[in-house]
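The values are calculated or read from the model by the stated rules, or taken from the named source; none is laboratory data. Source: prediction; values computed, not measured. With ideal geometry, Cβ positions are generated from the backbone for all residues, glycine too; neighbour counts draw on all protein chains shown. The accessibility values were calculated without ligands, DNA or RNA, using every heavy atom of the protein model including side chains. Shrake-Rupley method; radii C 1.70, N 1.55, O 1.52, S 1.80 Å.
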Amino acid sequence: MSVPACTVPLLEVQDLSVEFRTRGGLVRAVEHVSFQVARGETVGVVGESGSGKSVTALALLRILDPSARITSGRAVFGGLDLLAASEAELALQRGREISMIFQNPRTALNPIRPVGRQIGDVLLRHANVTRADVRRRAVELLARVQIPDPERRYAAYPFELSGGMCQRVMIALALACSPALLIADEPTTGLDVTTQATIMDLIRELAGRTRMATILITHDLALAAEHADRIVVMHAGHVVESAPTAALFANPRHPYTAKLIAATPQAAGGLEELAAIPGGLPDLTGELPPCRYHARCERYAPICDGPLPRAEVLPGHVVACAKPI
Amino acid sequence: MKPLLRLIGRRLAAALPGVVGVLVVTFLLMRALPGDPAAYFAGMAATREAIEQVRSRLGLDKSLPEQFVVYLRDLARGDLGQSVTTGQPVTRELATRLPASLELTLAALILAVGTALPLGVLAATRSGSWVDQLVRVLTTAGVSLPTFFTGLILVYVFYYLLGWAPSPMGRLDSLYPAPPRITGLYVVDALLAGDLEVARAALRQMALPAITMASFVLAPLARMTRASMLGVLASDFIRTARASGLSRGTVLYTYAFRNAMLPVITTLGMIFSFMLGANVLVEKVFAWPGVGSFALEALLASDYAPVQGFILTMAFLYVLLNLAVDILYGVIDPRVRIEG
Amino acid sequence: MTSATFRHVRHVVTENPVTLGAFVLFLLLLLLAVLGPALVPYDPLKTDTVNKLQPPSARHWFGTDQLGRDVLSRVVVATRLDLLIAFSAVTMSFIVGSLAGAAAGMWGGWTERVVSRVTDTIMAFPLFVLAMGIVAALGNTISNVVLATAVINLPFYARMARAEANVRREAGFVEAARLAGNGDVRVLAAHVYPNCLPPMMVQASLNLGWAMLNAAGLAFIGLGVRPPTPEWGILVAEGASFILSGEWWIALFPGLALMVAVFCFNLLGDGLRDIIDPRRRT
């Protein structure tokens, strides 16, 4: 895990906010989210379920639910602001320069179409492939993600494959055109532990070959610790802390981060040593205080009711807290 | 390919009990007639000897199980009895008139599917818009329309008031000769014979009855298409397809539509059940010389052999159509081919 | 009804003015069915050939038919017969179908096989054709139309009841009741059956419209109802021959009445479904 040389970031997200219109009211699912991803870097986005991680990713690709609105922010990728770009411009990015893989790989694939043909669809759309050649290229890709007997598996349907194999197919789909950035949304959730490890290794290996950057979205801090160069911690739609992995674990500055680390099982420790985080995510409808963690925070003080500061306490280490540790 | 053939075989086997049920029920129905069945089959004007002749010929003097065997044997030979009112064998009458009903049903089906599916897809992709609202109103109203009433209203507006439609008196205006019979479908036969004018005339006659029949089934089809599309468009694999940057057309058609069609195909069974029955009503309103009007005239004249033949024909047609629907479903959805 | 149910019903009804409208319409139809014959201006059977084929006017709001009878009176009086046929058919179908289905779902085995075989056989026919056959076989009377309509509606209730009963059997509270010492029939009657009822009430309401269309269809082709009995289907049939010569009112008003009634039942069914099980909305 090397820190890349200082250069223009591949992706720079500034002040992204997304809100949803629901029956219950307006839900500000993501607010003022900022982070960067450098070329070749793996950034882990960590947080509880419902903290806005997936919404952020879907917003970048602009494939959110119709009831969602991006209310502010820029996401500059290769000179293009993804959040302001037209559909035509985005069509050149999706699947070609930026790809995404999802959790529950079996439901994320078309159930009535052979997996090889699904890969072929992406190739035909983005790569310069002739119809005669597309099957061969697709089989090549299946082989590259280490699916055994790729010739035969080309014609297989998702329901005929295991969860791990479906995830490999999705990776093949996403990497078909060698994108510069891969967004992996909980890629190992729902898979057994052994398969998890092999999938993550596969992603790392393939990313290394082409210097592809990865955004690894997960609720599993340990997974992020093992695979990410930098970690962005999210809570209730806010980025509360972001830092290089080692620095985050050595010196967490946000109370939530500290609690997360304490709640993460380490290989050596026992279950009794785990500390649960009290409370749950706040209800995101309606008006919310500037700091959305204050209800669960033991360090709460009246200063926390004021505007939420974002400070770079150390180079590359940003915290959003009025009373950092 | 092999799983598909096995699926077809399984579906054929599953259809058999239905066929048996149809045969038994039709047999019992026509033997349950109030009074003496033989008298009915012999006709109003029959003498005692004629009635006895009919009784022994149809085996009505034998026990019920033996009668059933005679019935099956006759059916196997294609003998559906004699129509008392026309004096012709029922099989021949039905064969002559079936293409008229089929042509009408086919036209109505094409019309219904061709309108309902795009409407449903449009309503789903523009959910919440005026198109969507309009489709929902139309579909709720559509299932309330009595078919025979729709037909009459259409005749009144388009024939009497506007003069656009021809007189609702059968398949072809008396000015035109019927095209040489190859399939029995006037439009197809006329086109095959190169006679565009007759084809046009036949289409004009068919317009209102086909629209009438289609109007009732439009509603459930559009409603189901819309609901199914909405569900599919919100699913995970569509999100993956969009994230992969596939074109809007590919996402909508190759990915969404094909998946959405599965529940719609299941609806087709109900659609066919309705259409095969609605034939009778539409043929009455438009004086269409199909099997429905034939059976109806026979029924009202207490001529029961044609009625039995009609019920058997429609039921078998329905079994075949359901089989076709099941197989179509298996073609599109590979998951059902594997099930035991 | 508990106060919670009442609040829920009131919420749905006020949220859904359309359902409220349908309910009011339903009450109006019931009123016409019960009081209709007493309220109409003319005797529906009284002919007056001097005044035949009159278009709608102040004297005859819906005009007169080919025998000079007042169309309005005939349409209103027909309400009773149409509603009666539909209600009787659906009630019969409901009771027999749901009991058979619930028994099949609960006991399985032979009961299930027999019930399945019967419903499958009914559904192997195009339903209107089967209804025609039944009326043809049993005789051309109104009660046979009711019977035929009931028979063709049976499968819906039987299947639904069987599915619901199955769910409850699997859910284990049949076991619990049995362990408490209740006999099977008692379990069925006291526990399983009442819980199957709510979704089937929705089905019944939706079915009422369909049953009405079927009965009217049979009457239109001359089965069941004989002239001069007023019934919407037969009234449309009587008016059909006059459409071509422009006397539209004889067929239009009974047809509209039929349409309105069916529409009302469909809306009511949708509204009921929202009250009882909003998840099933399409």
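Take the conditions within 14 Å of another protein chain (Cβ to nearest Cβ), surrounded by fewer than 18 Cβ atoms within 10 Å (Cβ to Cβ) and assigned to a helix (DSSP H, G or I) and apply them to A:GLU151. Does it pass?
When the stated conditions are applied, A:GLU151 does not pass them.
Scan region B:22-35 and give yes if some residue there is over 29 Å from the mean Cα position of the chain (by Cα), modelled with pLDDT under 85 and within 14 Å of chain C (Cβ to nearest Cβ), otherwise no.
Yes, region B:22-35 contains at least one residue that is over 29 Å from the mean Cα position of the chain (by Cα), modelled with pLDDT under 85 and within 14 Å of chain C (Cβ to nearest Cβ).
Would you pick out the residues in region B:303-340 that are more than 8 Å from every other protein chain (Cβ to nearest Cβ), closer than 19 Å to A:ILE112 by Cβ and charged (D, E, K, R)?
Selection gives B:ASP326, B:ARG337, B:GLU339.
Just checking, which of A:LEU123, A:LEU202 is within 11 Å of another protein chain (Cβ to nearest Cβ), touching a helix residue (DSSP H, G or I) at 6+ places or on another chain (Cβ under 9 Å) and outside any loop (DSSP other than H, G, I, E, B)?
A:LEU123
Away from every other protein chain (no Cβ under 14 Å) and in a loop (DSSP other than H, G, I, E, B) - does that describe any residue in region A:88-102?
Among the residues of region A:88-102, not one is away from every other protein chain (no Cβ under 14 Å) and in a loop (DSSP other than H, G, I, E, B), which makes the answer no.
I need the full set of residues from region B:303-319 which are under 26 Å from B:ALA207 (Cα atoms), among the hydrophobic types (A, V, I, L, M, F, W, C) and surrounded by fewer than 24 Cβ atoms within 10 Å (Cβ to Cβ), in order please.
Answer for region B:303-319, where residues must be under 26 Å from B:ALA207 (Cα atoms), among the hydrophobic types (A, V, I, L, M, F, W, C) and surrounded by fewer than 24 Cβ atoms within 10 Å (Cβ to Cβ): just B:LEU317.
I need a count of the residues in region C:225-242 that are within 12 Å of chain B (Cβ to nearest Cβ) and either in contact with a helix residue (DSSP H, G or I) (Cβ under 6 Å, 6 or more places away or on another chain) or within 16 Å of C:PHE128 (Cβ to Cβ) (or both).
Looking only at region C:225-242, we keep the residues that are within 12 Å of chain B (Cβ to nearest Cβ), and these are C:226, C:232-242.
From what's left, either in contact with a helix residue (DSSP H, G or I) (Cβ under 6 Å, 6 or more places away or on another chain) or within 16 Å of C:PHE128 (Cβ to Cβ) (or both): C:232-237, C:239-240, C:242.
Selection size over region C:225-242: 9.
What is the number of the single condition among (1) at pLDDT 90 or above; (2) aliphatic (A, V, I, L, M); (3) in a helix (DSSP H, G or I) that B:LEU246 does not meet?
(3)
Based on what the data block shows, is B:LEU300 crowded, with 19+ Cβ neighbours inside 10 Å and within 14 Å of chain C (Cβ to nearest Cβ)?
Taking the combined requirement at face value, the residue does not satisfy it.
Confirm whether B:ASP61 is open to solvent by 50 Å² or more (accessible area, probe 1.4 Å), within 14 Å of chain C (Cβ to nearest Cβ), at pLDDT below 75 and in contact with a helix residue (DSSP H, G or I) (Cβ under 9 Å, 6 or more places away or on another chain).
Values: open to solvent by 50 Å² or more (accessible area, probe 1.4 Å): yes; within 14 Å of chain C (Cβ to nearest Cβ): no; at pLDDT below 75: yes; in contact with a helix residue (DSSP H, G or I) (Cβ under 9 Å, 6 or more places away or on another chain): yes.
In short, no.
For region A:103-120, name all the residues that are of a type outside the set (S, T, N, Q) and either more than 24 Å from A:SER54 (Cβ to Cβ) or more than 8 Å from every other protein chain (Cβ to nearest Cβ) (or both).
Once the filter is applied, which keeps residues that are of a type outside the set (S, T, N, Q) and either more than 24 Å from A:SER54 (Cβ to Cβ) or more than 8 Å from every other protein chain (Cβ to nearest Cβ) (or both), region A:103-120 yields A:PRO105, A:ARG106, A:ILE112, A:ARG113, A:PRO114, A:VAL115, A:GLY116, A:ARG117, A:ILE119, A:GLY120.
State yes or no: is A:ARG69 open to solvent by 10 Å² or more (accessible area, probe 1.4 Å), more than 10 Å from chain B (Cβ to nearest Cβ) and touching an Asp or Glu at 6+ places or on another chain (Cβ under 6 Å)?
Against the criterion (open to solvent by 10 Å² or more (accessible area, probe 1.4 Å), more than 10 Å from chain B (Cβ to nearest Cβ) and touching an Asp or Glu at 6+ places or on another chain (Cβ under 6 Å)), A:ARG69 qualifies.
For the condition surrounded by 18 or more Cβ atoms within 10 Å (Cβ to Cβ) and more than 29 Å from C:MET160 (Cβ to Cβ), what is the one hit in C:VAL34, C:VAL75? I'd like the intermediate steps shown before the answer.
Working: C:VAL34 fails: surrounded by 18 or more Cβ atoms within 10 Å (Cβ to Cβ).
After applying the criteria, what remains is C:VAL75.
Within region C:73-115, restricting attention to residues that are modelled with pLDDT of 90 or more and among the hydroxyl-bearing types (Ser, Thr, Tyr), which residue is farthest from C:GLN203 (Cα to Cα)?
C:THR79
Against the definition (in a helix (DSSP H, G or I) and more than 14 Å from chain B (Cβ to nearest Cβ)), how does A:ALA138 come out, yes or no?
Judged against the criteria, A:ALA138 is not a match.
Looking at region A:251-265, is at least one residue β-branched (Val, Ile, Thr), free of Cβ contacts under 8 Å to residues at least 40 places away in the same chain and open to solvent by 40 Å² or more (accessible area, probe 1.4 Å)?
Taking every residue of region A:251-265 in turn, none turns out to be β-branched (Val, Ile, Thr), free of Cβ contacts under 8 Å to residues at least 40 places away in the same chain and open to solvent by 40 Å² or more (accessible area, probe 1.4 Å).
Given the criteria within 14 Å of another protein chain (Cβ to nearest Cβ) and at pLDDT below 90, does A:LEU64 qualify?
no
I need the full set of residues from region B:85-109 which are polar (S, T, N, Q), farther than 11 Å from B:VAL291 by Cβ and part of a helix (DSSP H, G or I), in order please. First the steps, then the outcome.
First, the residues of region B:85-109 that are polar (S, T, N, Q): B:85-86, B:88, B:91, B:96, B:101, B:105.
From what's left, farther than 11 Å from B:VAL291 by Cβ: B:85-86, B:88, B:91.
The answer is B:THR91, and nothing else.
Within region B:261-281, does at least one residue satisfy the condition of being more than 30 Å from C:ASN153 (Cα to Cα) and open to solvent by 50 Å² or more (accessible area, probe 1.4 Å)?
Scanning region B:261-281 turns up no residue that is more than 30 Å from C:ASN153 (Cα to Cα) and open to solvent by 50 Å² or more (accessible area, probe 1.4 Å).
Anything in region B:242-265 that is more than 7 Å from every other protein chain (Cβ to nearest Cβ) and of a type in the set (Gly, Ala, Ser)? List them, or say none.
B:GLY249, B:ALA256, B:ALA260
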